[in-house]
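Step one of this worksheet: look at the structure below.
The values are calculated or read from the model by the stated rules, or taken from the named source; none is laboratory data. Nothing here was measured: the structure is a model prediction, and the numbers come from that model. Here Cβ is always computed from backbone atoms with ideal geometry, including for glycine, and neighbour counts include all displayed protein chains.
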């Protein structure tokens, strides 16, 4: 990648990725990753693509290629899960997903012989786990979170089962999906190449709706029915995995079944727990100190170490003169501890604070764009035109003005106005 033209192509691709709210901070490691996933020509072409879904005709105009050549290139990229493809009213559309949740993960969601997946795993580990800029930007870069936790429904009390909202249930996401795909877990597959994977199930990563359709079409996911997906969900419960999915109410695109040792979201929750890198459930565990025997199972099983031993002021006979306590500042409310407690001394209660969840992916992306100062990139999407670049630059300056910035950052603007507007979009 020392050739100036190649460096320019990958630099432009990096800049294109960072026009989206979920970007990829530049580094030498990122360029090495991109050079494995894209050749120089592809990097230059993809760097010109719009953020929003586009047609063959749009790409053909931007690339200045005929429609047949354009479609061939787009289908080649979709076949490698670089792009996601779909069909709307007989018209094919494509979109470049962000690196995560997106083409970084897709590259490891099946065994591939056309990629050096061991080298790619090493680079992903360097970029995500050691350099950390990407992870901090992904999970902490905006107030609106990319992912949210789903509570383990089997441990809910009857009262909670009555009051839980449909979109808070993984089972509802599964039962209402238009398509379900099951793939290899990116996180554990990556760690397997590094010799650090745990024994949790590998083929248990769930995708839904249009994302699933594209991944299934190109053999990056196995299409399953509702009953098989529900069986996998219960298997995930039995392995004490945490369900972390897209932070939206409608048309959730993915649910990962995460372990505390391999999975990026759980690792981030352990490192930056007080900053809430992942949106919690509406529940929080409560320990009945009278019933608790001090066995410590909940301390050992919590995937993000949110339950800890503290001094026991009552000086009873509990283990080592200590008692267990939930750190409510970092607890995800997943319910794994409740399932593990053999003495039924832990129950889930509703949190006092209200959890706000974006309506859909469009709502979430707009919120993140506002919070990251990138709304102009979504409005003036096609950067192939100089006029669009100029208008985006002008709007960027306007949005940074104190009164406008304050208005855009208001909860009323982000949570009420956009919610009502986007709820009308089907």
* To do: Hey, could you check segment 82-94 for residues that are farther than 22 Å from residue 15 by Cβ and in contact with a helix residue (DSSP H, G or I) (Cβ under 7 Å, 6 or more places away or on another chain) and say which is surrounded by the most Cβ atoms within 10 Å (Cβ to Cβ)?
  => 85
* Asked: Does residue 404 satisfy the criteria of being in a helix (DSSP H, G or I) and either modelled with pLDDT of 65 or more or within 21 Å of residue 98 (Cβ to Cβ) (or both)?
  -> no
* residue 92 versus (1) touching a strand residue (DSSP E or B) at 6+ places or on another chain (Cβ under 7 Å); (2) assigned to a helix (DSSP H, G or I): which is the lone unmet condition? -> (2)
* Filter result for the condition that a residue is out of contact with any strand residue (DSSP E or B) (no Cβ under 8 Å at 6 or more places or on another chain), modelled with pLDDT under 90 and outside the structural domain of residue 17 (by TED's automatic domain parsing), over 291, 297 -> 291
* Asked: Looking at segment 311-337, which of its residues are over 17 Å from residue 169 (Cα atoms), touching a helix residue (DSSP H, G or I) at 6+ places or on another chain (Cβ under 9 Å) and at pLDDT 85 or above?
  -> 324, 326, 327, 329, 330, 331, 337
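Any idea how many residues of segment 166-183 are more than 19 Å from the chain's Cα centre (by Cα) and under 14 Å from residue 216 (Cα atoms)?
Quick first cut of segment 166-183, residues more than 19 Å from the chain's Cα centre (by Cα) only: 166, 175-176, 178.
Still in the list and also under 14 Å from residue 216 (Cα atoms): 178.
Matching residues across segment 166-183 total 1.
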* To do: Go through the residues of segment 25-38 one by one and say whether even a single one is buried (at least 20 other Cβ atoms within 10 Å of the Cβ) and not in a helix (DSSP H, G or I).
  => yes
* Go through segment 230-254 and count every residue that is farther than 18 Å from residue 110 by Cβ and not in a loop (DSSP other than H, G, I, E, B). => 13
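Pick out, from segment 143-225, the helices (runs of 4 or more DSSP H) lying fully within it that include 2 or more residues that are closer than 19 Å to residue 117 by Cα and not assigned by TED's automatic domain parsing to the domain that holds residue 367. Write out each step before concluding.
Values: elements: 158-163, 170-176, 186-193, 209-217.
Fully inside segment 143-225 and qualifying: 186-193.
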